[in-house]
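Working notes, structure below.
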Amino acid sequence: MDHVLIEGFEFETVIGVYDWEKKILQRLRLDLELACDIRAAAEKDDIALTLDYAAITDRIAKYAQAQHFELVETYAERIAELLIEEFGVTEVSLTLRKPTAVPAASAVGVRIHRSAPPQQQDIAQ
């Protein structure tokens, strides 16, 4: 299986458990590895046959503007679900970091790997 990469994508959202965090925008940094077969796109040089990086990052940014969660873990799960459901990704590995969460650390975050249900994987292939 091939993988499309989007690394270091940054977006702002309301996130946090503390009352003051629920009133401000904070920056998150996202690294994505998306499983898909890129052979047809490469053969025909056609973006319609692969994952569109711009469409994916635009959708994630819009989702982050509309949703507000307390935990980075929740954002990671929801972004993985969104990519599987809306873009037909069969597998997604993502790392989501919150750079300003702990002053003594460059970032904190989570790394997850999720797969589409078997029936959805059959449709995507």
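Key figures for this structure:
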quantity: Cross-chain or 6+ apart pairs with Cβ under 7 Å, the stretch 55-84 first and farther than 17 Å from Gly109 by Cβ, then among the aromatic types (Phe, Trp, Tyr); calculated: Ile56/Phe87; Thr57/Phe9; Ala61/Phe11; Leu82/Tyr63
quantity: Test: residue in the stretch 48-64 that is out of contact with any strand residue (DSSP E or B) (no Cβ under 8 Å at 6 or more places or on another chain), at pLDDT below 95, surrounded by fewer than 14 Cβ atoms within 10 Å (Cβ to Cβ) and in a helix (DSSP H, G or I); calculated: yes
quantity: Single residue of Asp45, Asp37 found to be surrounded by 14 or more Cβ atoms within 10 Å (Cβ to Cβ) and acidic (Asp, Glu); calculated: Asp37
quantity: Residue within the stretch 102-112 that is touching a helix residue (DSSP H, G or I) at 6+ places or on another chain (Cβ under 6 Å), at pLDDT 95 or above, surrounded by fewer than 16 Cβ atoms within 10 Å (Cβ to Cβ) and in a strand (DSSP E or B) present; calculated: yes
quantity: Subset tally (residues that are surrounded by fewer than 19 Cβ atoms within 10 Å (Cβ to Cβ), part of a helix (DSSP H, G or I) and not aliphatic (A, V, I, L, M)) for the stretch 65-99; calculated: 9
quantity: Residue in the stretch 24-47 that is nearest to Leu5 (Cα to Cα), counting only those that are of a type in the set (Gly, Ala, Ser) and out of contact with any helix residue (DSSP H, G or I) (no Cβ under 8 Å at 6 or more places or on another chain); calculated: Ala35
quantity: Subset of the stretch 1-14 (residues that are among the aliphatic types (A, V, I, L, M) and modelled with pLDDT of 95 or more); calculated: Val4, Leu5, Ile6, Val14
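The values are calculated or read from the model by the stated rules, or taken from the named source; none is laboratory data. These numbers come from a predicted model, not from an experiment. Positions of Cβ are backbone-derived with ideal geometry, glycine not excepted, and every protein chain shown enters the neighbour counts.
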